[in-house]
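The values are calculated or read from the model by the stated rules, or taken from the named source; none is laboratory data. This is a predicted model, so every value here is computed, not measured. Glycine also receives a Cβ, built like all others from the backbone with ideal geometry; neighbour counts cover every protein chain displayed.
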Amino acid sequence: MGNNKVTSNLESLKALSEAARCAEEYISGIREQRVSPSSLELAELERLNSSLPNKGQDAQQVIADLHHYASPATVASTGGRFFGLVVGGSTPAAMGASILNAAWDQVAVLESSAPSAIYLERIAAQWLLQLLALPEESSVGFTTGSSMANMVCLAAARNRQYERMDIDLARTGLAGAPPLRIVVSAESHVTVHKALSILGIGKDQLVKAPCDNQGRVRVDTFPELDETTIVCLQAGNVNSGHFDPFKEIIPMARTAGAWVHVDGAFGLWAAASPKQRHLTAGVALADSWAVDGHKWLNTPYDCGLAICREAQTVHRVMTTQAPYLQAGVQVPPKDMVPEFSRRARGVEVWAAIQEMGSEGVAALVERCCGFARQFADGLDKLGFEILNEVVLNQVVASINDESALQQIVRIVQEEGVCWFGTTVWQGRVALRLSVSSWATSAEDIALSLDSIRRAMEQVLEAK
Ligand SMILES: *Cc1c(COP(=O)(O)O)cnc(C)c1O
């Protein structure tokens, strides 16, 4: 749009081919790039900061500058050696699909606004339910992530529990409504608390279910349940990777008339693997589930899934109606999630599943779990204490000297071969590793263990 000249397709084509060139260069160097940027690379970002530009610039140049200054200051999360948070990479087809999706720029509101995208989302939704072994009649809403998926599911839970008391929240609002009983795992993820708070359910209202030393809720001390209760369980503790005992808790909760929601942001993917599936036994009996595409399925950001057994309930909460919104025969996406205008996230989900197949998804899950065990074995040999039973893709490990541990982690981060952070687990400061990327190899684990060994030697020699 430089100098206000009328742009044509030609400008878009030039920008696209420059973007493709830069993206190819970026991805081809990703395994050699530092996993987190150096201070020099971060300082170079300054070059993108100017006073508000008065005149525009050539699109191709905009892309070239972005690549030149911003690409080196990225975290190499698609490279296979980023083990912080729970971060998947982006599978080849999913990454490619996201570029095509950007060119389409569909607004996934109604069939009339995004026919192919919504068609693909519906296929992807059915595939997801099969992969995760969840009830086929469930509603699947494509959200920004599990935070929003937790919120969608808990909004459905809240309204449904009030409906059972003959209270229509959409009409009367929360003010004056009797409180619900909210039972959360003492280890519930922070985003479950955030979702509840946004929904008008405060901290003081929460009844916490005590957990064992792996972060699983204990059956013997599980709080009482009734028909005003919402229970929040989890598949995959963000530190230990462990699962709540669904088989024991869910039938009991449902008999009491409670709604059971499961936060399975990454852990629910264990259900896609015949070898790991046992961890999720009974999870399909719940009422709703939150899970991410962008974590273990390795689709690009952002993508989460709000899955709700009673599709009608979620639709009643999320529906919008206006004369200009002519819905097709099926429930439109706008009635499954909070957003109205929305990126067609299901396209990359379709592409990733089409590319891997159910066998490939199972293999991805199993590979990551195997690498987590390789990490734990290597750390054990280096003298670390492994604080969790490594049942999934997560490892928490510590040494007795807390300041030495912090130094080791800082040195590893600065070296740039791999990246991970620290956490507090069962009262102890620990390093925390999450292996979630399709791109990670056994060699990546070995290189990362070498980096940890070097840092350890450096720290212990200095003592
Ligand atoms: C990551 C995570 C979330 C939040 O998901 P986002 O996709 O980051 O919004 C919720 N619960 C658990 C257990 C997680 O690991």
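General observations
- Criterion: surrounded by fewer than 21 Cβ atoms within 10 Å (Cβ to Cβ), within 30 Å of VAL395 (Cα to Cα) and modelled with pLDDT under 95 - qualifying residue of LYS208, LYS203: LYS203
- Residue within the stretch 305-325 that is crowded, with 24+ Cβ neighbours inside 10 Å, touching a Leu at 6+ places or on another chain (Cβ under 8 Å) and either of a type in the set (A, V, I, L, M, F, W, C) or under 30 Å from VAL207 (Cβ atoms) (or both) present: yes
- Whether a residue is outside any helix (DSSP H, G or I) and in contact (Cβ under 8 Å) with a residue 24 or more places away in the chain was assessed, and SER358 does not pass this test.
- Restricting the stretch 421-460 to residues that are surrounded by fewer than 21 Cβ atoms within 10 Å (Cβ to Cβ) and of a type in the set (Lys, Arg), the residue that is farthest from VAL238 (Cα to Cα): ARG454
- Pairs where the first residue, in the stretch 73-85, is of a type in the set (Ser, Thr, Tyr) and the second is within 14 Å of the ligand (Cβ to nearest atom), C-beta under 7 Å, 6+ apart: SER77/VAL87
- For the stretch 297-318, a residue qualifies if it is farther than 18 Å from MET356 by Cβ and among the β-branched types (Val, Ile, Thr), and the qualifying residues are ILE307, THR313, VAL314, VAL317.
- Some residue of the stretch 234-246 being β-branched (Val, Ile, Thr) and either away from the ligand (no atom under 16 Å from the Cβ) or crowded, with 24+ Cβ neighbours inside 10 Å (or both): no
- Pick from the stretch 146-200, criterion polar (S, T, N, Q) and free of Cβ contacts under 8 Å to residues at least 40 places away in the same chain, ranking: nearest to the ligand (Cβ to nearest atom): SER197
- Residue match in the stretch 90-111 (condition: touching a strand residue (DSSP E or B) at 6+ places or on another chain (Cβ under 7 Å) and closer than 18 Å to ASP292 by Cβ): no
- ASN400 meets each of the listed conditions (1) surrounded by 16 or more Cβ atoms within 10 Å (Cβ to Cβ); (2) assigned to a loop (DSSP other than H, G, I, E, B) apart from (1).
- Residue among VAL283, VAL262 that is under 18 Å from the mean Cα position of the chain (by Cα), surrounded by 16 or more Cβ atoms within 10 Å (Cβ to Cβ) and under 19 Å from VAL219 (Cβ atoms): VAL262
- Subset tally (residues that are touching a helix residue (DSSP H, G or I) at 6+ places or on another chain (Cβ under 7 Å) and surrounded by fewer than 21 Cβ atoms within 10 Å (Cβ to Cβ)) for the stretch 218-233: 3
- Subset tally (residues that are out of contact with any strand residue (DSSP E or B) (no Cβ under 6 Å at 6 or more places or on another chain), on the phi < 0 side of the Ramachandran plot and either without any contact (Cβ under 8 Å) to a residue 40 or more places away in the chain or within 16 Å of the ligand (Cβ to nearest atom) (or both)) for the stretch 284-304: 11
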